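Readers should treat all values here as calculations from the given coordinates under stated rules, not as data from a laboratory. Remember, predicted model here, so these are calculated numbers, not experimental data. Note: ideal-geometry Cβ built from the backbone for every residue, glycine included; neighbour counts use all protein chains shown.
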Amino acid sequence: MSRLAQTADLTDVQREILSTVRDFVDKEILPVATELEHRDEYPTRIVEGLKELGLFGLMIPEEYGGLGESLLTYALCVEEIARGWMSVSGIVNTHFIVAYMLKQHGTQEQKDTFLPRMAAGEVRGAFSMSEPGLGSDVSAITSKGVREGDEFVLDGQKMWLTNGGTSTLVAVLCRSDEGHPEGTAPHKSMTTFLVEKEPGFGEVRPGLTIPGKIDKMGYKGVDTTELIMHGLRIPANRVLGGTTGRGFYQMMDGVEVGRVNVAARGCGVAQRAFELGVSYAQQRETFGKPIAQHQAIQFKLAEMATKVEAAHAMMVNAARKKDSGERNDLEAGMAKYLASEYCKEVVEDAFRIHGGYGFSKEYEIERLYREAPMLLIGEGTAEIQKMIIGRRLLEEYRFQG
Ligand SMILES: Cc1cc2nc3c(=O)[nH]c(=O)nc-3n(C[C@H](O)[C@H](O)[C@H](O)COP(=O)(O)OP(=O)(O)OC[C@H]3O[C@@H](n4cnc5c(N)ncnc54)[C@H](O)[C@@H]3O)c2cc1C
């Protein structure tokens with residue numbers, strides 16, 4: 001058990017789940033992560049292990065076969081998994097967001113159809129907002145869903161789908177002006193469609209193509225893809241929640257819990273970087289003593305550990321706020337922003353502590369160095385987090401002149 005990133009007031013069940021996940025990470029993920037990452041290989045065995053542990057259903061209610069756990073439990077598990085290999089937490093994350101959106105916004109029929117199979121990891125989720133021309137500015141979405149009788153016909157191109165190839169259920173955000181008068185605000189004319197598909201690449205269903213994996217600098221192993229819809233027919237009962245025009249809010253709700261998740265990933269990667277740095281610093285000697293005995297390196301370790309603690313505390317605070325039923329967009333934005341920036345800084349410091357060896361693919365820190373930047377972008381960039389935080393602060397601290 002590490003001294004850093006402890007969480008007070010956990011239940012026995014939470015402690016037991018976390019200890020099981022940590023054990024799994026130490027035995028099944030860490031020993032193979034770097035090798036699989038270098039080969040850009042999907043971690044099939046690890047995913048099967050996660051299924052057995054019930055992690056795909058961690059937050060799905062027990063009535064649907066899940067474990068019915070809180071966002072905090074989920075986030076702490078993600079932190080452990082990301083400490084082992086960030087890509088594995090990416091495999092779980094989009095699934096978790098889609099399951100969460102179904103639980104919060106789905107019709108009873110949609111919940112009954114998908115949640116039990118999602119809890120078992122048989123149906124695996126991906127979510128798709130981004131397009132080639134937009135990521136931050138979701139209101140500019142151009143993909144369209146047009147009603148034809150009992151169906152919608154979807155056209156458009158989507159970009160950056162985490163788990164685009166391996167998933168079998170994609171929540172796709174499209175513009176659907178059905179029933180909404182001309183001039184309706186962009187975010188009120190969007191709909192989330194639940195698109196079922198075969199896993200794999202190419203034409204995975206008539207009208208739906210997943211071209212192939214995008215070649216990335218890091219975050220390998222997990223597949224990231226485009227998605228092309230050309231006359232894709234979706235039954236009207238696959239509109240999330242049954243009513244059009246609510247997609248933007250549903251997606252933002254999903255992204256909000258996703259932000260706590262990205263914060264947790266930042267915490268996990270930073271913890272691992274600290275572990276690697278503090279260990280190397282005691283083994284490498286220069287000028288007659290371990291580099292850990294040079295004050296400059298000790299100061300680095302002190303800064304790194306302080307950042308690990310601070311990020312963990314903010315992430316836990318954001319998760320607990322959501323679990324208590326309160327609005328947590330301010331806390332989630334702050335936690336995501338701080339944890340991802342600190343993660344990048346802690347990884348950079350651990351890399352520097354490794355000297356030239358940090359540049360070698362033989363050392364784990366090289367992988368972390370390529371993985372950390374993804375956290376600065378996914379679920380909203382730092383600038384977008386600051387926009388959210390700033391707006392909320394002005395709401396909370398309205399000038400009463
Ligand atoms: C590996 C990976 C996986 C991803 N997975 C998914 C996924 O599963 N589903 C999905 O829908 N998307 C996914 N994304 C997309 C991701 O959400 C977007 O990349 C992200 O939101 C940023 O959008 P963008 O890339 O279009 O950048 P842009 O929006 O073009 O931004 C470019 C730059 O401008 C800044 N900027 C933009 N607007 C403003 C503003 N108003 N003020 C100040 N600065 C601004 C941004 O912060 C950024 O620095 C993924 C991305 C990556 C890299």
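Values as computed for the structure displayed
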read-out: HN-Hα J in Hz across the range 26-40 - Karplus 6.51, -1.76, 1.60, θ = phi - 60°, x for Gly and Pro; value: 5, 8, 9, 9, 3, x, 10, 4, 5, 5, 5, 5, 5, 8, 6
read-out: Cleavage-rule hits (trypsin sites (Lys or Arg not before Pro)) in the range 1-62: DSSP loop, at most 13 neighbouring Cβ within 10 angstrom; value: Arg3
read-out: The chain: angle of helix 44-53 to the longest principal axis, Cα-based, in degrees nearest 10; value: 80
read-out: Helix 247-283 axis, angle to the chain major axis (alpha carbon atoms, nearest 10°); value: 20
read-out: Computed label-point distance, nm, for sites Arg370 and Ser19 using a 7 Å Cα→Cβ extension; value: 3.7
read-out: Cleavage-rule hits, GluC sites (Glu not before Pro), the range 336-381, DSSP coil, Cβ neighbours within 10 Å at most 16; value: Glu362
read-out: Neighbour-limited loop hits for trypsin sites (Lys or Arg not before Pro), the range 299-342 (at most 15 other Cβ within 10 Å; DSSP other than H, G, I, E, B); value: Arg327
read-out: Electrostatic dipole magnitude of the chain [Cβ: Lys, Arg +1; Asp, Glu -1; Cα centre; debye, to 20]; value: 600
read-out: Long-range amide H partners of Leu227 with built H, under 5 Å; value: Lys158, Met159
read-out: Angle between the chain longest axis and helix 364-377 axis [Cα atoms, degrees, rounded to 10]; value: 40
read-out: Potential extension, Glu383-Asp215 segment - 0.36 nm per residue separation minus Cα distance; value: 58.0 nm
read-out: Shape metrics for the range 12-119, restricted to C-alpha atoms - Rg then Dmax, Å; value: 14.1, 43
read-out: The range 49-172, dipole about Cα centre (Lys/Arg Cβ +1, Asp/Glu Cβ -1), debye to the nearest 20; value: 240
read-out: Rough spin-label spacing in nm, given labels placed 7 Å along Cα→Cβ, for Phe201 and Gln157; value: 1.7
read-out: Cut-off under 5 Å, modelled amide H: who pairs with Leu232 long-range; value: Leu154
read-out: Ellipsoid semi-axes in whole angstrom, largest first, where each is sqrt(5λ) of the Cα gyration tensor of the chain; value: 37, 23, 20
read-out: Net charge contributed by nearby residues that have their C-beta within less than 14 Å of Asp137 (K/R +1, D/E -1); value: -1
